[in-house]
1. Applying the Karplus parametrisation 6.51 cos²θ - 1.76 cosθ + 1.60 with θ = phi - 60° to the phi angles of the range 39-46, what ³J(HN,Hα) value in whole Hz is obtained for each residue in order, glycine and proline being reported as x?
2. Amide H to amide H under 5 Å from Asp97: which residues, 5+ apart in sequence or cross-chain, H placed 1.01 Å off N in plane?
3. Amide H to amide H, which residues 5 or more places from Thr28 or on other chains are under 5 Å from it, using H placed in the peptide plane?
4. Please list the non-local residues whose amide H lies under 5 Å from the amide H of Asp55, H modeled 1.01 Å from N, same-chain partners needing a gap of 5 or more.
5. Going Cα to Cα from Lys120, which lysines come in below 21 Å? Please leave out same-chain ones fewer than 8 positions away.
6. Taking 20 °C and 1.002 mPa s as the conditions, I'd like the Stokes-Einstein D for the range 86-135 in µm²/s, using the Kirkwood hydrodynamic radius from alpha carbon pairs.
7. Over the range 3-122, what portion of Cα pair distances is larger than 24 Å, expressed as a whole percent?
8. In whole Hz, with x marking every Gly and Pro, tabulate ³J(HN,Hα) for the range 93-99 from phi via Karplus 6.51 cos²θ - 1.76 cosθ + 1.60, θ = phi - 60°.
Amino acid sequence: MTGPELLDSLPKLLGPKLQVKTEFRGETTYTILPEDLREIAKLCRDDLSFDYLIDITSIDNHGEDPRWELVYELYSMTLAVHLRLKLRVSEEIGAVDTVSDIWPTANWHEREIYDMMGIKFNGHPDLRRILMWDGYPFFPLRKEFPLEGLPSEMPDVAFTKSAPHDPAGRLHLWRLGCCSDRLVELRVRQRNVATSRWSARLWR
């Protein structure tokens with residue numbers, strides 16, 4: 001089966017679960033319902049060779065209902081074909097099922113969407129912020145979030161534990177030479193803690 005034949009077979013396999021089809025510059029997009037996401041995702045992976053989830057993105061359609069839109073970018077390594085799935089989620093529900101157990105790449109994509117938009121993913125194994133810190137009360141990519149940002153109590157620099165003491169002194173990488181994945185030359189400078197003097201070393 002070729003890539004175009006695979007895309008043509010989707011309506012026969014999924015029928016009414018595919019709500020709307022659009023074509024743009026050779027790319028196929030189907031709109032689906034949130035409750036059908038996992039069933040369609042498993043079928044795409046197991047039966048249709050879509051073995052790679054490239055990305056998940058979120059859109060804030062502020063003022064519309066449903067407000068949130070999620071876009072799943074699928075790719076078949078075997079057939080070199082791309083498929084896009086879209087779904088809408090209301091602000092009242094604010095959640096959709098995870099697909100991180102179907103495509104492991106979804107794990108961090110879903111965490112980022114939760115962090116930036118506040119959309120939750122039911123069944124996610126580790127749904128916590130990935131860019132902002134725990135306890136941050138806002139979702140920076142929502143349309144109502146001001147461009148200039150909002151004041152927070154987060155310090156400019158935060159340490160979780162003391163830095164380890166290095167009795168050998170400070171080591172600075174000076175020059176690194178590689179051939180493919182093999183290290184061929186390493187030049188470093190090291191500071192003597194007692195005398196504050198620097199010395200150079202070369203390894204080949």
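1. 4, 5, 4, 5, 5, 4, 6, 7
2. Under 5 Å from the amide H of Asp97: Asn122.
3. It is Arg84, by chain and number.
4. Placed amide hydrogens put Glu73 under 5 Å from Asp55.
5. Lys42, Lys86, Lys143
6. 193 µm²/s
7. The answer is 22 percent, as a whole percent.
8. 7, x, 7, 8, 5, 6, 10
FYI, it's all coordinate maths here, none of it is from the lab. Bear in mind the structure is a predicted one, so any value in this text is a computation, not a measurement. A quick note on method: Cβ atoms are made from the backbone with ideal geometry, for glycine too, and the neighbour counts reach across all protein chains shown.
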